[in-house]
There are 4 protein chains.
Amino acid sequence: MNLEDKLMFPKMEKSKQSRFRDRLFEIIFESDTFYGKLFNICLLILILISVALVMFESVDSINAKYHRELVIWEWVITILFTLEYILRLYTVRKPWRYFFSFYGIIDLLSILPTYMGIFYPSSKYLSSIRILRLFRIFRIFGLTDFLRGGNTILLALRNSRAKIVVFLSFVTLIVVVIGSIMYVVEGKHPESGFTSIPTSIYWAVVTLTTVGYGDIAPVTAFGKFLASIVMIIGYGVIAVPTGIVTAEAVKGARKENEPQKNSQVCQHCHDSKHLDGANFCKTCGYPLH
Amino acid sequence: MNLEDKLMFPKMEKSKQSRFRDRLFEIIFESDTFYGKLFNICLLILILISVALVMFESVDSINAKYHRELVIWEWVITILFTLEYILRLYTVRKPWRYFFSFYGIIDLLSILPTYMGIFYPSSKYLSSIRILRLFRIFRIFGLTDFLRGGNTILLALRNSRAKIVVFLSFVTLIVVVIGSIMYVVEGKHPESGFTSIPTSIYWAVVTLTTVGYGDIAPVTAFGKFLASIVMIIGYGVIAVPTGIVTAEAVKGARKENEPQKNSQVCQHCHDSKHLDGANFCKTCGYPLH
Amino acid sequence: MNLEDKLMFPKMEKSKQSRFRDRLFEIIFESDTFYGKLFNICLLILILISVALVMFESVDSINAKYHRELVIWEWVITILFTLEYILRLYTVRKPWRYFFSFYGIIDLLSILPTYMGIFYPSSKYLSSIRILRLFRIFRIFGLTDFLRGGNTILLALRNSRAKIVVFLSFVTLIVVVIGSIMYVVEGKHPESGFTSIPTSIYWAVVTLTTVGYGDIAPVTAFGKFLASIVMIIGYGVIAVPTGIVTAEAVKGARKENEPQKNSQVCQHCHDSKHLDGANFCKTCGYPLH
Amino acid sequence: MNLEDKLMFPKMEKSKQSRFRDRLFEIIFESDTFYGKLFNICLLILILISVALVMFESVDSINAKYHRELVIWEWVITILFTLEYILRLYTVRKPWRYFFSFYGIIDLLSILPTYMGIFYPSSKYLSSIRILRLFRIFRIFGLTDFLRGGNTILLALRNSRAKIVVFLSFVTLIVVVIGSIMYVVEGKHPESGFTSIPTSIYWAVVTLTTVGYGDIAPVTAFGKFLASIVMIIGYGVIAVPTGIVTAEAVKGARKENEPQKNSQVCQHCHDSKHLDGANFCKTCGYPLH
């Protein structure tokens, strides 16, 4: 907070408490200072340990042996995360904004499952959602190169959002129709696994996405014939989302490459957007520099 | 219908009946008016409910409990859809044109299965084809952004149609040959599942499209070796349809982006390719005409 | 054969026999005349019937009923194809060239399996290779639009041949290494299906190509962990062949689009390869027209 | 070593031993001479034989018959490879540099497993890693066309490295979350195979990569519904790595194609962007300097 800020917000002269809050904010949300770095590295390690604990608890052979230790450690870490969450709410200027932000929701979802586990035991396994908190760590440690990579991907995805939504709704509708037809064809043969339309739709999704578990598979000749057509068409259709995203990515790559043009402004008529290499203003004929 | 239309088609002075028909047309086919919007939203909901009913009926546990209710509701909705279909035929100017249009056929196919279900019980499940009617709803509510996305996809697909057909016919032929060879190699081992050439062709489709159910899989060493070659080649070949559609999509994206240049030539320095709307030569500053 | 040919090859004055041979050539290899069209359509139908026969014979339930009829018809068609093959050899100018051409080999392979079937019964099923003869039919009926599509694909594949070979050899080597490692990890658990290194390599191919039959799958925790890494890497690597072919296809599409430039030649110094829109020769300064 | 080198490194006058070492180096590391070619071809054959031996040994039926022969031959080849490795270390100028180079590590890993096999029998199968030595053979025989293809791929992969790492870490995190949720949903049904969170994560990887073994598959309706969503999203997401690599490949292909322009500017009309080697302005014909 520099002099200018002080002049603009004269009331905000720092009280002792406020200064403590600001230091905490620096430690928790940033990593420029030594303690900030230390805090975030500890957090990173705690998150990884806690996710590992949840996984170990779900493995019967490990849980049978170390159940007590696993439960104790999980509660210790969850209480630490809860304290951290309260501190975050305390130090930010606008708690509600943080509360409803992407990271705020992830932070809350990271501690809730353990408490819910008191009432619904199996729900505690959901606490492995805390692994998503690692996203923030990446951001804090400024792995800019990777962040830029991520941004390029996000941009390509955002630009092709409308097309992807159209494509996915189309796939959803088509999958309902294919599933119903296959149910009519294969439904009488319980060994095929087409026991109901929802199950058949599930089969259609499994097939069109080329996952192909094999727990449901046509057994009649006609069913196999229809399935073959679905697969061959799907083979041609899988190209569509790839084409969409790639076209955006190629467009993005081209923009990065282009020399920065059009930044010239005519001194006489203030027209901009000249072609690359233009010597004179296209609107008034005045020389450009 | 404005004055000009009246002068051109003097006979078409609206009778009372004709005006009623026009209002119905507006309600059923458009969604600009309040009643039009209401009608189409009700239709949207009815379609979703009716598809849900068909699905529920196919699930044995639900059908056992609520069979009566499901059948009654399905008939109610089908009769409503039938009335709607008759009204559509009544209100459009050229019934035959609607009858043979894409949406006309979908509308008919949406009501037929329930009636056919009287004679062939299982065919009634085909009525979930009505979910395709949702396409029209999208169009009516003018989700233009998504429609444009859809059009771009369709355009890329249409432009690469010939290539996709060639590719798919090539895959079809190759699949017959691979299937026959695998039948000769694996046919003597009934546990492999290669029981006939059609079944082996089905296996080839399942494998080349990388679906891989596993109900049919080679068991002999030579069969596995051949299958490996088929898969590795298929891995290289899967790139082809993607490449085709992507090339089209990239071409489309490029056209959208290009600055519009015109064919003006400077009288002084003979430079061409000026931006649209340029008044002076970008190279020598001489006025353009 | 016009006058010029006659002057150049005076000895080839047509004998009665030679004229008959030429007419046969026109009928068998071309489809401009009425009889040529008829012959090729009959051939098309015969090929489809014969492939259908082979398929039917492989289906036990059909073969049990109609074995006699199927065998008789297959021999009739094979003898017809043999006669046709002999006629082809007889009518072409350079029989050896036809014999070793792509279509010549396909034609021979189409009739051999039935004769070999006398000694090795199962080999007769290979005669479904005759379906590849359909390629020629496509060419004869001049479906030029589709042929151009096919050529574009072939061109893109040929241009990226070196890259695809490198990629596939890389995949082959990597698959041997992955297979061996997985055999060491999973080999002691016969229920996993990793019974030998070749089988494990087969698993690696099935996994990397995302086919995933499931007849062989890791059962140990470490095996599953390694398999996950293989799959995630494979997920990133599947992009490579697509990227290669697409880059070629995009390049091809761009070339189609570009205005034909660089065709100007300087009248003074005969320099060519000028930039689009150049008014003066870049080498000698002479005006270009 | 020419005169200039001798003047610069006067001490390096070749002793008899040094000359022998240089000749060995030429034979082992290069293939310009006759003996170099012979050595490398023998090496190529030995590598292929030795990998085949390892594979045969892992097949029970073959191993039962020829165990003695296989073991003897494997030891012979391993000892030959060990001698070769020692010779390589002896002939290179900087042994440590070779020792830690890519090929040095591969060469070492190729002989270690057989020796380790004395203590841990199954580890000897890892010696099939020697197949990676073939990479060097390719390089030595100068299959430049294929090497260039390989380089283009490597370049495209290296340029999109950051994006691929971001994508793969994102997939890793998401897979943990999906696995945990599916474990909570399906964990109570042991027949589904979701026995622990790590196993469920393995399922998520198998599904998202569209491998789909089918050994683990949801059995509850809700589990199938969630799995369908995962697959459909995965279908849209599979486009991302392809888009990334393709964009790079297209960029690379474009650079190869572009005509080389320079930054000369015409003194008369101030036009820029002339072709490399142009002597006169393409627009006004004025000489360029």
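Averaged over the residues of peptide C:179-188, the number of Cβ atoms from other protein chains lying within 10 Å of each residue's Cβ is 4. Residues in the stretch B:29-36 carry Karplus couplings, in order, of 9, 10, 9, 7, 8, 4, 5, x Hz; the curve used is 6.51 cos²θ - 1.76 cosθ + 1.60 with θ = phi - 60°, and Gly or Pro positions show x.
Counting only protein heavy atoms and a 1.4 Å probe, the stretch A:12-142 has 60 square angstrom of accessible area per residue. Buried area at the D:A interface is about 4300 square angstrom, summed over both chains, from accessible surfaces computed with a 1.4 angstrom probe. Distance between the pseudo-spin-label points of A:H189 and C:K188 (7 Å out from Cα toward the beta carbon): 4.2 nm. Just to be sure I understand the curve: with the Debye formula and one point per C-alpha of the stretch C:151-260, what is log10 I(q)/I(0) at q = 0.11, 0.15, 0.21 Å⁻¹? Each listed q corresponds, in turn, to -0.46, -0.68, -1.03. Solvent exposure of D:Y35, expressed as accessible area, is near 120 Å², computed with a probe of 1.4 Å over the protein chains only. In this structure, the residue pairs whose Cα-Cα separation is over 20 Å, taken from C:K94/C:K124; B:K163/C:K251; C:K188/C:K224; C:K251/D:K251; A:K251/C:K251; C:K188/D:K124, are C:K94/C:K124. Look at the stretch A:189-198: the mean tally of other chain Cβ atoms within 10 Å of its residues' Cβ atoms is 3.
When the solvent-accessible area of the stretch C:12-142 is split by element, carbon and sulfur atoms take up 72 percent of it, the probe being 1.4 Å. Packing order of peptides B:197-204, A:69-76, highest average first: B:197-204, A:69-76 (average count of other Cβ atoms within 10 Å over each peptide's residues). Note on B:D22/B:M116: beta-carbon distance plugged into 1/(1 + (r/R0)^6) with R0 of 30 Å gives a FRET efficiency of 0.30. Derived scalar couplings between HN and Hα for the stretch D:199-210 equal 5, 5, 5, 4, 4, 4, 5, 4, 7, 4, 7, 6 Hz in order, rounded to whole Hz, by the Karplus curve 6.51 cos²θ - 1.76 cosθ + 1.60 (θ = phi - 60°), x for Gly and Pro.
Counting only heavy atoms of protein chains, what accessible area per residue, in Å², does the stretch A:157-257 have with a probe of 1.4 Å? Present the calculation step by step, with values, prior to reporting the outcome.
Details: 3360 Å² over 101 residues.
Accessible area per residue, the stretch A:157-257: 33 Å².
Each residue of the stretch A:225-235 was assigned a 3J(HN,Hα) from its phi angle through the Karplus curve 6.51 cos²θ - 1.76 cosθ + 1.60 (θ = phi - 60°); the sequence is 4, 4, 4, 4, 4, 4, 5, 5, 4, x, 4 Hz, with glycine and proline shown as x.
Mean per-residue shielding of peptide B:114-124 is 1, counting Cβ atoms of other chains within 10 Å of each Cβ. The calculated Kirkwood hydrodynamic radius for the stretch C:12-142 is 15.8 Å, given to one decimal from all distinct C-alpha pairs.
The values are calculated or read from the model by the stated rules, or taken from the named source; none is laboratory data. What you see is a predicted model; the values in this text were computed from it and never measured. Backbone-built Cβ (ideal geometry, glycine too); neighbour counts: all protein chains shown. These accessible areas exclude ligands, DNA and RNA; they are computed on the full protein's heavy atoms, side chains included. Shrake-Rupley method; radii C 1.70, N 1.55, O 1.52, S 1.80 Å.
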